[in-house]
Amino acid sequence: ANGMKTIVQVKSLFPSAFGVETAPLAALAGSKSDKTDRLTPTVSLVVECADLAHPARPLLQHQLWTVLITEEFYAQGRLEAASGLPISPLCDRNTVSVANAQLGFIDFVVKPTMEPLFRMMQSTVGARDTAKTDALVTNLHDNYDYWARLGEANLDVDAALARIEEAAHPIKPIKANR
């Protein structure tokens, strides 16, 4: 709930980034408290985006974070089952489609949170330097497409982690026989 409130605040503070014509930002600067009023929700949005950003990272990094969070969810589900509690959504290894979970996460959490920041960044830097923002947006779309292609298939988290670790560390150290 706080995330959506922050997004609404940022959109109202930077309307030109969202297609609403207004006076230049410098003309709105006003008092120190006005600047603080703009800074607080903007920093909150940046921090929230940093927390959710793994789908906007390159695929290998995104897969690693997905595997780690999925394992954390499964561990919670095991503890809930062992305690006789109902297993929380996304926490049952036998019923969760990791691909569908990631698609939902991107559609309903990541995109609505990160797109306002992307727009604000692009309007602030203009055409000068959008390469970083463009890369994040491209990664987000590519990773979404990856999960959509995977479809209903349930990701074997253990096998995926092994593949990710192999890709991250392709050269195995040689163990000396002593």
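The values are calculated or read from the model by the stated rules, or taken from the named source; none is laboratory data. What you are looking at is a predicted structure, and each value in this text was computed from that prediction instead of being measured. Every residue, glycine among them, receives a Cβ derived from its backbone with ideal geometry; neighbour counts consider all protein chains shown. Heavy atoms of the whole protein, side chains included, go into the accessibility calculation; ligands, DNA and RNA do not. Shrake-Rupley method; radii C 1.70, N 1.55, O 1.52, S 1.80 Å.
Structure notes:
- Output for the stretch 80-118, where each listed residue is in contact with a helix residue (DSSP H, G or I) (Cβ under 9 Å, 6 or more places away or on another chain) and of a type in the set (Asp, Glu): Asp92, Asp107, Glu115
- Taking the stretch 41-68 as the range and being open to solvent by 80 Å² or more (accessible area, probe 1.4 Å), at pLDDT below 90 and not hydrophobic (A, V, I, L, M, F, W, C) as the test, only Asp51 passes.
- Subset of the stretch 82-124 that is within 19 Å of the chain's Cα centre (by Cα) and among the β-branched types (Val, Ile, Thr) - its residue that is surrounded by the fewest Cβ atoms within 10 Å (Cβ to Cβ): Val109
- Residue count for the stretch 125-140, restricted to those that are in a helix (DSSP H, G or I) and loosely packed, with under 14 Cβ neighbours inside 10 Å: 6
- Test: Lys111 is at pLDDT below 85, under 20 Å from His54 (Cβ atoms) and of a type outside the set (Asp, Glu): no
- Some residue of the stretch 85-96 being in a helix (DSSP H, G or I), free of Cβ contacts under 8 Å to residues at least 24 places away in the same chain and not basic (Lys, Arg): no
- Tabulated pairs, the stretch 39-68, first free of Cβ contacts under 8 Å to residues at least 12 places away in the same chain, second open to solvent by less than 80 Å² (accessible area, probe 1.4 Å), C-beta under 6 angstrom, 6+ apart or interchain: Trp65/His54
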